[in-house]
Amino acid sequence: MEKYAQVEDGVDAARYPFWALVRDDLWTVKHEEELTLTSLGRRPTVESLNRVNPGGGLCEEDYELLRSHPDEAAEAAAGLILRYFYPLPESLLEDFGLHDLLAGRWADPLRPLLGETFKDRDAIWRSYGGQKMAGIGCLNDGILSVFSDDKGPYADGRIPDTNWIAYVGDGLSGDQTITDGNALMAMHQAEGRPLRYWHKPYGGQFSFETWAVITQRRRRWGIGEDKKWRREFLWVLAPVPSPDPDTWPSDVLDALEVDRDVLHDDTSDYRPGDVDPAERDTFESDKDAYRRLAARAEANAKRRGERKKPTQADRYVRDPSARAAVIRRSKGSCENPDCDGHPKERTTAGLPILQVDHVHDLGKGGPDIPRNMIALCPNCHALKTYGENRERLRRALKAVAERLHAQALC
Ligand SMILES: [Zn+2]
C-alpha cells in the first residue's frame, strides 16, 4: 500500500485502507484486540500498529474461493488493476504475486467479454449492473461504458474512411456542459483511460463492440431533443484491441499525446443559420456568408497542414465550417447539373437531404475545403460512390465544384 497508494502521506494512505477493509468484512487482522484506537475510535494508532505489528489477510472463506477459482480471481484482479492501478506499474504483478496468473494478459479475464450481446439496456443492467438509463456511465465494476443506439436521438457513427467513432455527449436538450457523463469522458480523455463502447444497430441488439480511448473532444452545433439548436460535445473514440496500452496502435498513441485535454471548439467557426435557413439572420448576403465560411475552412485546413504530425483526427474529422459553406452555396439543391433524382427533397427536420462530399477524397489527400466539395442528393451521391460511370462523374463534379466556388466568391 505504501508503494502503490501514490499518496504523499504514506502513513495514513496505508493505515486507512488496512482498517477500512476490516470494517467492510473483507479482511481479518490478527491480534485486533490488542490495538489501541484513536480518540474517535476510527482507526488504530500508529503507535499500537508498530507495537503489535498485526498480520492481516482475506477472510479464510474468500481466500479459499479465490484459490480454487483462478479465472474468477484473475477477473477480480484485472478489474482492480484497471480501476485503481492504471496504467499498470511495472512491478505490480510481481509484487502482488500475480505475475504467473496475469503477466502479458492481465486484461483478458475482464467481463463482459468483447462481442457479448444483449437484447437491450435492461438485459445488460441485469447482468452487469450500473446505471440503467444514461448513454454514458459505469457498470457495477466501475469501468466506464458508452452506449450508442442507432435508433436513438443522436447520429453517432464511424467517421468516414476510418474506424474511429464520433460520439455525441451527454445531455438531450440545451447546451451540453462538462457535468455527469461528459465529466466522466473528460476525465478519461485527460488520463488516456480506456472505456467500453456498446453499439446497437437499427433493429439489432446491443453488443460490447470494442474497447476505445478518447482521442479528441470537439464542440459543435447540433439539434437537441427539443428540436432547438444547441452546443454539444463530440467525443472522437478510437477503437483499441484491449484496455492494455501495450496493445494500442501507434496512430492512437500519437493522437492521445497531441490532443490530451484539448477542446476543439468549432461553434465560433459557423452558426446554426449557416445550415438551417430558419435560423438565418437577414443582414448577411449569401455571398458574404460563403466568403466568411470558406475563408474559415481554408484557414483551418492550413493550420492542420502545418502540424508536424497530423493525427487521424486532423485528416478525417470534417470541418463543419467547410460543410456549412457548401450547404449555403447549394441553396438547398443538389449541385450536380445533370441531377435526375430528388434534388430538393427534405428531411423530417425540414432541412435539405444533401450529402456534402469531397470531389477528391480526403483519404487520398483531398483538402477539406469548399472548393473541393460538393452538395449532392442521395441519388447523385450514390452514383458518385458506386455508379459504373463514377470516374467520369467525379471529373465532371470537380469542374462543377471549382466553378460554383468561383461564382459564389465574386
Ligand atoms: Zn442529385
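Values in this text are rule-based calculations from the coordinates and carry no lab data. Since the model is a prediction, treat every value here as computed from it, not as a measurement. With ideal geometry, Cβ positions are generated from the backbone for all residues, glycine too; neighbour counts draw on all protein chains shown.
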Counting other Cβ atoms within 10 Å of each Cβ, which trypsin sites (Lys or Arg not before Pro) in the stretch 107-169 have at most 14 and sit in a DSSP loop?
LYS119, LYS132, LYS151
Expected unfolding gain across LEU58-ASP340 under the 0.36 nm per residue rule, minus the alpha-carbon gap, is 94.1 nm
Quickly rank 318-329, 72-83 as a protection proxy: mean count of other C-beta atoms within 10 Å, highest first.
318-329, 72-83
3J(HN,Hα) from dihedral phi, the stretch 201-207, Karplus parametrisation 6.51/-1.76/1.60, rounded to Hz, x for glycine, proline
x, 3, x, x, 10, 6, 10
Could you give the size of the charge dipole of the stretch 10-95 about its Cα centre, using +1 on the Cβ of each K and R and -1 on the Cβ of each D and E, expressed in debye and rounded to the nearest 20?
500 debye
Please sort by residue number the GluC sites (Glu not before Pro) in the stretch 83-117 whose DSSP state is loop and whose Cβ has at most 10 other Cβ atoms within 10 Å.
GLU90
I need the phi-derived Karplus couplings for the stretch 111-128: 6.51 cos²θ - 1.76 cosθ + 1.60, θ = phi - 60°, integer Hz, Gly and Pro marked x.
10, x, 7, 3, x, 4, 10, 9, 4, 7, 4, 4, 5, 5, 4, 5, 7, 10
In deg cm²/dmol and to the nearest 500, what is the mean residue ellipticity at 222 nm of the chain if only DSSP H runs of at least 4 residues count, each as -39500 (n - 2.57), divided by the residue total?
-11000 deg cm²/dmol
If amide hydrogens are placed 1.01 Å from N in the peptide plane, which non-local residues have theirs closer than 5 Å to the one on SER145?
GLY137, CYS138, LEU139, ARG196
Degrees between helix 70-84 axis and first principal axis of the chain (Cα, 0 to 90, nearest 10)
70 degrees
Determine, from the Cβ-Cβ distance of THR347 and LEU26 and an R0 of 41 Å, the FRET efficiency 1/(1 + (r/R0)^6), rounded to the nearest 0.05.
0.15
List every residue whose amide H lies under 5 Å from the amide H of GLU116, counting only residues 5 or more places away in sequence or on a different chain, with H placed 1.01 Å from N in the peptide plane.
PHE208
Angle check, please: helix 390-409 long axis (alpha carbons) against the longest principal axis of the chain (alpha carbons), in degrees 0 to 90, nearest 10.
80 degrees
Amide proton proximity set for VAL356, modelled H, under 5 Å, gap of 5+:
LEU376
Which angle from 0 to 90°, rounded to the nearest 10, does the C-alpha axis of helix 10-23 make with the longest principal axis of the chain?
80 degrees
Can you compute 3J(HN,Hα) from phi for each residue in the stretch 48-60, using the Karplus curve 6.51 cos²θ - 1.76 cosθ + 1.60 with θ = phi - 60°, rounded to whole Hz and x for Gly and Pro?
6, 4, 5, 6, 7, 6, x, x, x, x, 4, 4, 4
FRET E, pair LEU263, ASP226, Förster distance 25 Å, beta-carbon r, rounded to 0.05
0.55
Using a Gaussian network for the chain with springs between C-alpha atoms less than 10 Å apart, which of these wobbles most: ARG371, ARG105, ARG51?
ARG51
Taking the chain as a whole, which cysteines find no other cysteine Cβ under 4.7 angstrom from their Cβ?
CYS59, CYS138, CYS380, CYS410
Expressed as a percent, the portion of alpha-carbon pairs in the stretch 113-268 spaced more than 20 Å apart is 47 percent
Segment ASN50-ALA406, extension gain: residue separation times 0.36 nm, minus the distance between their alpha carbons:
119.9 nm
Set the Förster distance to 41 Å, then compute FRET efficiency between ARG126 and ALA278 from the Cβ-Cβ distance, nearest 0.05.
0.40
Specify which residue in the list VAL213, ALA294, PHE233 is farthest towards the positive end of the charge dipole of the stretch 171-324, using unit charges on the beta carbon of Lys, Arg (+1) and Asp, Glu (-1), about the Cα centre.
ALA294
Any chance you could tell me what percent of the C-alpha pair distances in the chain go past 32 Å?
50 percent
